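Below: the structure, in structure tokens.
The values are calculated or read from the model by the stated rules, or taken from the named source; none is laboratory data. Fair warning: this is a prediction, and the values are worked out from it, not measured in the lab. Reconstructed Cβ throughout: ideal geometry from the backbone, glycine too, with neighbour counts over all protein chains shown.
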Amino acid sequence: MMILGLVKWMQPVHGYDVRRELLSWGAEKWANVQPGSIYHALRKLTDEGLLRAVATEQVGGRPARTSYEVTPKGADEFETLLRGLWWQLHEPADPFAVAFSFLPALPRDEAAAALRNRAHLLRAGNESMRAALASEWMRTTRPVHVGWMFELWSARAEAEISWCERIAELVESGVPYLPAELTGQEGWAGWPEQNNQR
């Protein structure tokens, strides 16, 4: 959707300019758009009839550059995808959730330290975002809604920081990982807590 939307916004546009714009947004970090896949995506969207190649130019010894624009079918697809993302809740896959599901496999002191470290890293990221929000760069070169998106990421990080610190305290205090009713029952025997010794 990102590439389709950018072509719609900037058309007619070279793949190089789409790539440069996405890199300036840092989209590889938050939208899972890898810079190396942009030209492939443009060709695929063209093959699917969502984009149209309108011109190919070569200046000097530089590689030829193709300009793209959105077809009516592509405009409809963009609108469908856009509204789907606005009106539905999509939970992103989080590798940390996978690791946390195996909490009992770590010694308690290490699990608590890892949670506090996660909070520390999130706090550092938030400080960086706050600096960006207050910067001239944000005020003069970015649309207002980009700042609002930074605020959303910051609020989510603040909630996770609080959660990490609270759970670290519970882990350290020795709160059992399993309810008493499950301890020793079939299917849960593989979840003995690790000792703090290695």
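For the condition among the polar types (S, T, N, Q), surrounded by 13 or more Cβ atoms within 10 Å (Cβ to Cβ), under 27 Å from residue 31 (Cα atoms) and modelled with pLDDT of 90 or more, residue 117 does not qualify.
Taking region 132-149, which residues are loosely packed, with under 12 Cβ neighbours inside 10 Å and closer than 20 Å to residue 160 by Cα? Full working, then the answer.
Initially, region 132-149 is screened for residues loosely packed, with under 12 Cβ neighbours inside 10 Å, giving 134, 136-137, 139-141, 143-145, 148.
Within region 132-149, just 148 meets the criteria.
Scanning region 133-157 for residues that are charged (D, E, K, R) and in a helix (DSSP H, G or I) yields 136, 139, 151, 156. Can you say whether residue 67 is among the hydroxyl-bearing types (Ser, Thr, Tyr) and more than 18 Å from residue 8 (Cβ to Cβ), as far as the supplied structure shows? Criteria not met by residue 67.
Are any residues in region 158-179 in a loop (DSSP other than H, G, I, E, B) and loosely packed, with under 12 Cβ neighbours inside 10 Å, and if so, which ones? Break it down stepwise before answering.
Taking region 158-179 as the starting set, the residues that turn out to be in a loop (DSSP other than H, G, I, E, B) are 174-179.
Of everything in region 158-179, those that are in a loop (DSSP other than H, G, I, E, B) and loosely packed, with under 12 Cβ neighbours inside 10 Å turn out to be 174, 175, 176, 179.
Just one of the listed residues (118, 108, 130, 156) is touching a residue at least 24 places away in the same chain (Cβ under 8 Å), within 21 Å of residue 168 (Cβ to Cβ) and under 20 Å from the mean Cα position of the chain (by Cα), and it is 118.
From 96, 150, which residue is at pLDDT below 90, under 18 Å from residue 30 (Cβ atoms) and of a type in the set (Phe, Trp, Tyr)?
150
Would you pick out the residues in region 21-78 that are among the aromatic types (Phe, Trp, Tyr) and at positive phi?
Filtering region 21-78 down to residues among the aromatic types (Phe, Trp, Tyr) leaves 25, 30, 39, 68, 78.
Answer for region 21-78, where residues must be among the aromatic types (Phe, Trp, Tyr) and at positive phi: there is none.
In the set (1) part of a loop (DSSP other than H, G, I, E, B); (2) under 30 Å from residue 171 (Cα atoms), the condition left unmet by residue 99 is number (1). Against the test of being touching a helix residue (DSSP H, G or I) at 6+ places or on another chain (Cβ under 9 Å), at pLDDT 90 or above and either over 30 Å from residue 175 (Cβ atoms) or of a type outside the set (D, E, K, R) (or both), the options 48, 79 yield a single qualifying residue, 48.
Does region 141-171 hold any residues that are among the small types (Gly, Ala, Ser) and within 18 Å of residue 117 (Cβ to Cβ), and which are they? Result: 157, 159, 162, 168.
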